[in-house]
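To keep things clear, I will list the structure first and then write my remarks on it.
Computed from the coordinates by the stated procedures, all read-outs in this text should not be read as laboratory data. All values derive from a computational prediction rather than experimental measurement. With ideal geometry, Cβ positions are generated from the backbone for all residues, glycine too; neighbour counts draw on all protein chains shown.
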Amino acid sequence: MKYIYISIFIAIIGFTACEDQLDQVPISSLSVDGFFRNQSDFEQALNGVYSSLGGYPARWVNLGDVRSDNMYAYSSQGVREWDPVTSFAKTLATSSYMSDAWNQNYQGIMRANTFLANLNAEAIPDDNLRNRFEGEARFLRAFYYFDLVRLFGEVPLIDHLVTPAEALEIPRSPVGDVYTLIISDLEFAINNLDDFYPKGSANLGRATKNAARGILARVYLTRSGPDYGINGPGMGSNEYSQALTLLDQIISSGFYSDDIAYADIFADDNENNDEVIFDIQFEKGLGGAGTSFPGEYAGRPWWDSQGIPFAISLETKDVSEDMINSYDTANDLRFPVNVQLEITDLGTGLATYDPTLIKYCASDPTYWGVDRFDFPINYIVLRYTDVLMMKAECILQGASGSQGDVNTIVNDVRDRAGLGPLPGDVTFDDLMEERRREFLGEGLRWHDLVRSGKVLDIMNAWIPVEDAGRNTLTPNYPIQAYNIIYPLPQTQIDVKQGLYAQNPSYE
């Protein structure tokens, strides 16, 4: 199911992604009267809830990988949108990245709430189908709220339709309250979604029980991380056993496999393979149904070298030297899939050192977008190897299981990469470094650092070494705990004076 498109439902009720106020929450009853009549109407409406996932991949390029030690992303003049992100600037509240993240997630929440408010037995008399529809909408609402919590910490909690005036009276809720809704929604999804959709299914790409289990396991791992005293995503909750139960259920389902070559996981013609548990589906040529995130990683020099004339910046977001050095570049089969070190100018034939993340850059022209905003490349949110490695993390953090289980998981990952086993028992630090190499470019590194409790130490040790001899601006280092979450968009602070307080230390 290629669901990333502007559905008829969206056109009817007039949702937009560009609103700068929280009054994007509800629509009037008049604007949906007569729409929710039958199964087809609800399917279109549900596709509209999915469509708010469209900005997620590019968001975690710029707010996740770029912010982490995976990427060295300073522009020459320090004027690109990502510069204050990678510099941990205090002035990020005015960045369009902040307002886009807020608006897109609340747009999805609004759509989910509208869908749920109108779901009824008269239009959908089949109990199983109606419950599945509710499960998908609640899965997505949980997904959007989890994204918000990891970005901003405390956020307004809106689980039903409200009027614009009512929205302006809703303050930010404690993180624990937001998590309560997230967990409730995902548990409902687990109990009511289908187990699995095989290739060829018309529903391929929709949320499943195992997608909900995997995201909920990620929620428990995130909550279990340290709180840093910032009202952020970590709560020190020690819920590793709860996460492990969910991960074991995915593993025992038998629907997935890590017995697939690393390159084939991301091959253009092999989407929705046995590694994929949940991905965001994209398609080109349908009025914005594609994605822009491959162009967020690879700058114009790389696209020019492939003969693709995209009018984008010459500035690049390099893979960091520390990231490159963490690989056994001569033997690790993941490295050439993930990184290209030199770019050759087609005109001069000269090669320039410009380490570029190419994991999602299609090598087959069939899979190039009609422009740089319209690639038909699916973005993998959750894959089976992540489930296995999260299981190893749970065990190392005290959940049931043995050191032998951990060793087997990590060394199997290395074996697929063409590497030998690690000497001795796998430590937590070993696991985190293997995750870094395995999931480069998949938007996970920043979250891994935060929940590991090591983000401040690792980032503050990384920047002086990485920056030596080439810094173009002065970053806000050493970073502090407040940098772990982002500031609320200034547009939201300005909606109603006193409604929201800005996250501490941001200007």
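Using mean Cβ contacts within 10 Å as the protection proxy, how do 294-301, 338-345 order, highest first? Provide the component values of the computation, followed by the final result.
On the way: 294-301: 23.0, 338-345: 17.8.
With the highest mean Cβ count within 10 Å placed first, the list reads 294-301, 338-345.
According to a simple spin-label model (label point 7 Å from Cα along Cα-to-Cβ), what is the distance in nm between Asp195 and Gln249?
In this crude label model, Gln249 to Asp195 measures out at 1.3 nm.
For Ile265, Ile377, which order do you get if you count the other beta carbons within 10 Å of each Cβ and list the fewest first?
Placing the least packed residue first, the sequence is Ile265, Ile377.
Assuming R0 = 45 Å, what is the FRET efficiency of Leu341 and Glu507, from their Cβ-Cβ distance, to the nearest 0.05? Numbers along the way, then the final one.
Numbers: r = 38 Å, r/R0 = 0.85.
Approximately 0.75, to the nearest 0.05.
Quick query: amide H of Phe278 versus all other amide H atoms, modeled in the peptide plane; which residues come in under 5 Å with a sequence gap of 5 or more or a different chain?
Sorted by chain and number, the residues that satisfy this are Val381, Leu382.
Return the distance in nm (one decimal) between the two label points of a simple spin-label model at Ala202 and Ala261, each offset 7 Å from Cα along Cα→Cβ.
3.6
So what is the 222 nm mean residue ellipticity for the chain from helices alone, if each DSSP H run of at least 4 adds -39500 (n - 2.57) and you divide by all residues, rounding to the nearest 500 deg cm²/dmol?
-13000 deg cm²/dmol
Please tell me which of these pairs span more than 28 angstrom C-alpha to C-alpha: Lys209/Lys454; Lys90/Lys391; Lys199/Lys359; Lys391/Lys454?
Exceeds cut-off: Lys209/Lys454; Lys90/Lys391.
If packing is taken as the mean number of other Cβ atoms within 10 Å per residue, what is the order of 51-61, 225-235, highest first?
51-61, 225-235
Kindly identify the chain as rounded, prolate or oblate by the Cα gyration tensor criterion: order the square roots of the eigenvalues as a ≥ b ≥ c, call it rounded if a/c is under 1.5, otherwise compare a/b with b/c, prolate if a/b is larger, else oblate.
rounded
Which order do Asp425, Asp248, Asp185 fall in if you start with the one that has the fewest other Cβ atoms within 10 Å? Mind dumping the intermediate values first?
On the way: Asp425 12, Asp248 18, Asp185 27.
In order of increasing Cβ crowding within 10 Å: Asp425, Asp248, Asp185.
Only counting other Cβ atoms within 10 Å, I'd like Arg218, Arg130 sorted with the fewest neighbours first. Could you put the intermediate results ahead of the total?
Details: Arg218 24, Arg130 18.
Least to most surrounded, the residues fall as Arg130, Arg218.
Of the peptides 200-207, 405-412, 434-441, how do they stack up when ordered by the mean number of other Cβ atoms within 10 Å, highest first?
434-441, 405-412, 200-207
What is the distance, in nm, between label points placed 7 Å from the Cα along the Cα-to-Cβ direction at Phe35 and at Asn270?
A separation of 4.1 nm, rounded to one decimal place.
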